[in-house]
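Inspection log for the structure reproduced underneath, given as structure tokens.
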């Protein structure tokens, strides 16, 4: 079974029908599920996904959790090793934001087969990055 790490933009893209990445994000998750991949969302990306729903209030955050459970997409913790790896990536690539470095570091630390993102500005890293356009 392959491991696919997803970035926040992919989950947001699926959940927000008006998002520019909605069709490709849905396709990417469906393809991963069809392949039988295990899907993982780093805890830092999970927090990013929840910002809008928390602002909206009501049951919006619950919708996110129900979606993650239904797919299923598990949440990967950010441990000391992944945090140090993210700092190293951030130090080497000045244009890389820390939230993105954390996602990449988790993917590398977990030995992911692929990392799916909507961000085309990421540097080349030691994991296959699939950018949704």
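Based on what the data block shows, is residue 57 out of contact with any helix residue (DSSP H, G or I) (no Cβ under 9 Å at 6 or more places or on another chain), modelled with pLDDT under 95 and closer than 19 Å to residue 32 by Cβ? No, not satisfied.
Set side by side, the residues 80, 24, 38 differ, and just one is exposed (fewer than 14 other Cβ atoms within 10 Å of the Cβ) and at negative phi, which is 80. Screening segment 4-26 for residues that are over 12 Å from the mean Cα position of the chain (by Cα) and in contact (Cβ under 8 Å) with a residue 60 or more places away in the chain and picking the one that is farthest from residue 101 (Cα to Cα) gives 24. Within segment 67-77, is even one residue part of a helix (DSSP H, G or I) and either touching a residue at least 12 places away in the same chain (Cβ under 8 Å) or touching a helix residue (DSSP H, G or I) at 6+ places or on another chain (Cβ under 6 Å) (or both)? Checking segment 67-77: at least one residue is part of a helix (DSSP H, G or I) and either touching a residue at least 12 places away in the same chain (Cβ under 8 Å) or touching a helix residue (DSSP H, G or I) at 6+ places or on another chain (Cβ under 6 Å) (or both). When residues in segment 1-18 are screened for being surrounded by fewer than 16 Cβ atoms within 10 Å (Cβ to Cβ) and farther than 15 Å from residue 68 by Cα, 4 of them pass.
Mind listing whichever residues of segment 37-57 are more than 16 Å from residue 107 (Cβ to Cβ) and in a helix (DSSP H, G or I)?
Across segment 37-57, the qualifying residues are 47, 49, 50, 51, 52, 53, 54, 55, 56.
The values are calculated or read from the model by the stated rules, or taken from the named source; none is laboratory data. Keep in mind that what you see is a predicted model, and the values were worked out from it rather than measured. Positions of Cβ are backbone-derived with ideal geometry, glycine not excepted, and every protein chain shown enters the neighbour counts.
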